[in-house]
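The values are calculated or read from the model by the stated rules, or taken from the named source; none is laboratory data. In this text, all values refer to a predicted model and were calculated from it rather than measured experimentally. Please note: Cβ atoms are built from the backbone with ideal geometry, for glycine as well, and neighbour counts cover all protein chains shown.
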Amino acid sequence: TKELKNQLELSERKRIQLQKMLARKTVEEEVPLWSMVDLMTLLLVFFLFLHSMSANKTSLKVNSPNIDRPTIEIKTPPPPQQPVENESLAESDKTLTELVFTTNKNTNIDKAINRLRTEVLNVVDEKDKDVFSVRREENRLVFVLGERITFREGEATLLEAYHFISKKIAGFIASKKGYQVVISGHTDNTPINTEKFPSNLELSAARAINVAKSLINNGVSAVRVSIQGFSEYQPLFDNTLSENRQANRRVEISLINERNPKADQRLN
């Protein structure tokens, strides 16, 4: 019995030893197996990746054969710009013609103004020769009529002597077609408060209206005429002196070419 027991213990130790050896061998065999599988998988993925890149590159070359080459665009040169040159020459001719026309027109206007000034001054008293003048502004020609040849102080009824002057001015204006006529009344800063004129505003407007009526009656188209009353707010001189206040009491007749702004400059 004791011998049998010893044999069983020996067998058990061998069995355990054998199991350990088998387990060690299994582990040794499995490690290379898993390493090989991993290597094969990586190689497969790598080859698939290379194949994919090769396919994409081929597709790119097929779809875009000129992608790596610069694009050269050949254009047919335009025909000679002869019409532009002709247009430029035509514009130059037009400018030259306009310049000649403008010069002639200014000369004619100057002659007409001098003739009108002479005719007006011939019918006014020597002491009143400074109350009619013509001035050129940036965009208009302005006739300045002083109070002494148009109205009595504080009144808006035209003097009898003015009607001849009005006829001459109206003839000049009527011959200048296309110009708008703006008539503006001006006073000094002396207050007024009468039944007809509660303030200088009413007085200046009434004087402008009566000058406008006189021009219309002498042949100026009413469509061309407009009036303004500025009261004392646009003086020519400071109102401190009596002579200055008298000069500020005036009516101005302005000729403005509104249809062609360039023509305004021809008056300068």
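Some notes on this structure:
- Set ASN248, ASN218, ASN239: member being touching a residue at least 60 places away in the same chain (Cβ under 8 Å) and assigned by TED's automatic domain parsing to the domain that holds LEU201: ASN248
- If you go through the range 134-170 and keep only what is hydrophobic (A, V, I, L, M, F, W, C), crowded, with 19+ Cβ neighbours inside 10 Å and in contact with an Asp or Glu (Cβ under 6 Å, 6 or more places away or on another chain), you end up with just ILE149.
- In the range 181-208, of all residues being within 40 Å of the chain's Cα centre (by Cα) and free of Cβ contacts under 8 Å to residues at least 40 places away in the same chain, the one that is surrounded by the most Cβ atoms within 10 Å (Cβ to Cβ) corresponds to SER204.
Yes/no matrix, rows are residues, columns are (1) assigned by TED's automatic domain parsing to the domain that holds GLU243; (2) touching a Phe, Trp or Tyr at 6+ places or on another chain (Cβ under 9 Å); (3) at pLDDT below 90; (4) under 22 Å from SER226 (Cα atoms):
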site	(1), (2), (3), (4)
ILE109	yes, no, yes, no
ARG117	yes, yes, yes, no
VAL123	yes, yes, yes, no
SER133	yes, yes, yes, yes
GLU138	yes, no, yes, yes
LEU159	yes, yes, no, yes
THR190	yes, no, no, no
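- Test: residue in the range 231-242 that is assigned to a helix (DSSP H, G or I) and farther than 22 Å from SER166 by Cα: yes
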